[in-house]
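Student: Below: one structure in structure tokens.
The values are calculated or read from the model by the stated rules, or taken from the named source; none is laboratory data. Every value quoted in this text rests on a predicted model; they were computed, and no experiment measured them. All Cβ positions, glycine included, derive from the backbone under ideal geometry; neighbour counts span all protein chains shown.
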Amino acid sequence: MAQEVRGVIAPGKDEPVRIETIVVPDPGPGEAVVRVQACGVCHTDLHYKQGGINDDFPFLLGHEAAGVVESVGDDVTDVAPGDFVILNWRAVCGTCRACLRGRPWYCFDTHNAKQKMTLTDGTELSPALGIGAFAEKTLVAAGQCTKVDPAVAPEVAGLLGCGVMAGIGAAINTGNVGRGDSVAVIGCGGVGDAAIAGSRLAGAAKIIAVDIDDRKLDTARSMGATHTVNSRQTDPVEAIRELTGGFGADVVIEAVGRPETYQQAFYARDLAGTVVLVGVPTPEMKIELPLLDVFGRGGSLKSSWYGDCLPSRDFPMLIDLHLQGRLDLGAFVTETIALDEVEKAFERMHRGDVLRSVVVL
Ligand code: APR
Ligand code: ZN
Ligand code: ZN
């Protein structure tokens with residue numbers, strides 16, 4: 001039996017979000033219905049609402065979520081009703097070339113639930129990133145559910161569904177940060193701070209945080225930065241070189257997504273170092289680099305997709321580390337809010353006041 005629940009939708013371009021009744025169908029083959037317990041507010045939700053992603057309004061927003069599986073469709077064996085799960089937006093196919101080569105984070109064929117959730121008048125909803133979890137319940141593909149230790153608070157677990165996983169993964173998966181490494185993180189919002197926490201976890205000896213806002217640098221320090229650079233006042237490339245004996249950092253993580261910070265990241269790495277690009281640029285952005293600089297610098301330049309994570313490997317591991325007190329995921333939760341406070345949370349996020357506001361249901 002389809003059920004009716006409350007959810008937050010973005011009705012049209014730049015219109016305020018509102019709470020509507022959502023019809024959630026029973027799970028079909030390969031699908032699951034999840035009772036959402038918590039869902040973080042991410043910049044991408046705001047981009048959906050602003051029409052920056054596509055025009056498939058109305059959207060059912062929310063995608064950084066954790067909850068309990070309520071029911072599953074036929075053929076679902078990995079999760080069962082009652083399981084506590086974190087949702088992910090990259091359920092991979094398992095059969096494309098990327099999957100077969102053991103690099104499923106580059107899977108070309110990720111999938112979501114086949115059935116649609118709707119409004120009560122039958123209007124089909126587009127769930128944000130194929131999840132739509134600012135709702136009491138949501139329908140997803142079973143592959144979007146990863147079981148983790150239920151001892152963790154849902155508002156903490158849900159963080160791994162997007163931004164925090166992107167940052168931690170940029171450090172530990174894409175950047176392959178190792179014990180004793182020097183790391184520079186440019187841009188210390190939620191993603192950059194998570195990259196700092198991931199670098200600390202990986203045993204980096206020096207973690208240099210770069211931002212234009214001193215408030216962000218204070219938070220970065222609490223997340224594990226050993227040095228901070230305000231790039232409004234100091235040339236960050238020179239500062240990073242100075243702090244690394246003149247060489248540049250072993251790993252530089254760009255978590256802003258702007259031409260000037262891409263450029264800084266390129267030049268701040270040690271000649272054998274790695275640049276990890278996790279900040280997402282817009283289509284018109286470009287940088288120009290002398291080819292001799294491209295040729296003359298070794299190391300590597302990599303982009304990081306969702307922290308190149310493998311949910312089934314990384315989510316349970318990071319939750320265990322959190323429960324053991326070795327990774328403070330709770331530090332990313334600035335506030336918990338109710339479903340009807342999402343619009344206000346967007347404003348606070350826009351002002352840069354929060355790392356994460358998390359809706360708790
Ligand atoms: N140099 C250094 N830091 C900057 C600059 C700059 N020129 N411009 C902005 N910043 C800082 C901001 O002060 C802020 O602390 O970058 C940070 C960006 O943080 P958020 O806006 O909170 O964004 P976040 O959620 O961390 O995401 C960062 O990663 O995954 C991507 O799409 C995401 O592109 C975005 C980036
Ligand atoms: Zn695949
Ligand atoms: Zn997100």
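Student: How many residues are touching a Phe, Trp or Tyr at 6+ places or on another chain (Cβ under 8 Å) and either within 21 Å of A195 (Cβ to Cβ) or buried (at least 22 other Cβ atoms within 10 Å of the Cβ) (or both) if we restrict to the stretch 315-361?
Tutor: 4
Student: Oh, and also: Looking at A202, A209, can you tell me which residue is more than 12 Å from ligand 1 (Cβ to nearest atom), over 9 Å from I253 (Cβ atoms) and under 21 Å from the mean Cα position of the chain (by Cα)?
Tutor: A202
Student: Please go through the stretch 216-265 and pick out each residue that is of a type in the set (D, E, K, R), in contact (Cβ under 8 Å) with a residue 24 or more places away in the chain and closer than 24 Å to V354 by Cα.
Tutor: If the condition is that a residue be of a type in the set (D, E, K, R), in contact (Cβ under 8 Å) with a residue 24 or more places away in the chain and closer than 24 Å to V354 by Cα, then K216, E254, R258 are the ones that fit.
Student: Which members of the stretch 201-218 meet the condition of being surrounded by fewer than 22 Cβ atoms within 10 Å (Cβ to Cβ) and under 21 Å from S304 (Cβ atoms)? Even if it seems obvious, please write down each step before you answer.
Tutor: Step one: of the stretch 201-218, the residues surrounded by fewer than 22 Cβ atoms within 10 Å (Cβ to Cβ) are 201-203, 205-206, 212-218.
Those that are surrounded by fewer than 22 Cβ atoms within 10 Å (Cβ to Cβ) and under 21 Å from S304 (Cβ atoms): L201, A202, G203, K206, K216.
Student: May I ask you to list pairs of residues, at least six apart or on different chains, whose Cβ atoms are under 6 Å apart, with the first in the stretch 32-46 being touching a residue at least 24 places away in the same chain (Cβ under 8 Å) and more than 25 Å from A2 (Cβ to Cβ) and the second being more than 10 Å from ligand 3 (Cβ to nearest atom) and part of a strand (DSSP E or B)?
Tutor: Close Cβ pairs (under 6 Å, with a partner that is more than 10 Å from ligand 3 (Cβ to nearest atom) and part of a strand (DSSP E or B)) amount to G40/V358; V41/S357.
Student: Please return the ranges of helices (runs of 4 or more DSSP H) entirely within the stretch 133-250 where 2 or more residues are closer than 30 Å to A65 by Cβ and more than 16 Å from ligand 2 (Cβ to nearest atom).
Tutor: 154-157, 163-169, 190-201, 214-223
Student: Can you pull out the residues in the stretch 85-99 that are charged (D, E, K, R) and either part of a strand (DSSP E or B) or surrounded by fewer than 13 Cβ atoms within 10 Å (Cβ to Cβ) (or both)? Steps first, please.
Tutor: Of all residues in the stretch 85-99, those charged (D, E, K, R) come to 90, 97.
Selection gives R97 alone.
Student: Quick one: in the stretch 65-103, which of the residues that are among the hydroxyl-bearing types (S, T, Y) and within 20 Å of P150 (Cα to Cα) is nearest to ligand 3 (Cβ to nearest atom)?
Tutor: Among residues in the stretch 65-103 that are among the hydroxyl-bearing types (S, T, Y) and within 20 Å of P150 (Cα to Cα), the one nearest to ligand 3 (Cβ to nearest atom) is S71.
Student: Take the residues in the stretch 334-361 that are in a loop (DSSP other than H, G, I, E, B) and in contact with a Leu (Cβ under 7 Å, 6 or more places away or on another chain), then tell me which one is nearest to V34 (Cα to Cα). Break it down into steps so the answer makes sense when it comes.
Tutor: As a first pass, look at the stretch 334-361 and keep what is in a loop (DSSP other than H, G, I, E, B): 334, 338, 351-356, 361.
After this cut, where a residue has to be in contact with a Leu (Cβ under 7 Å, 6 or more places away or on another chain) as well, the list is 334, 356, 361.
Details: T334: 25, R356: 22, L361: 12 Å.
If we take residues in the stretch 334-361 being in a loop (DSSP other than H, G, I, E, B) and in contact with a Leu (Cβ under 7 Å, 6 or more places away or on another chain), then L361 is nearest to V34 (Cα to Cα).
Student: Between G122, G102, G82, which is assigned to a loop (DSSP other than H, G, I, E, B), within 14 Å of ligand 2 (Cβ to nearest atom), surrounded by fewer than 21 Cβ atoms within 10 Å (Cβ to Cβ) and on the phi > 0 side of the Ramachandran plot?
Tutor: Every option except G102 fails the conditions.
Student: Please verify whether the stretch 253-269 includes one or more residues that are of a type in the set (G, A, S), in a helix (DSSP H, G or I) and at pLDDT below 95. Explain how you work it out, then say what you get.
Tutor: Going residue by residue through the stretch 253-269, those that are of a type in the set (G, A, S) are 255, 257, 265, 268.
After this cut, where a residue has to be in a helix (DSSP H, G or I) as well, the list is 265, 268.
Remaining after also requiring at pLDDT below 95: none.
No, every residue in the stretch 253-269 fails to be of a type in the set (G, A, S), in a helix (DSSP H, G or I) and at pLDDT below 95.
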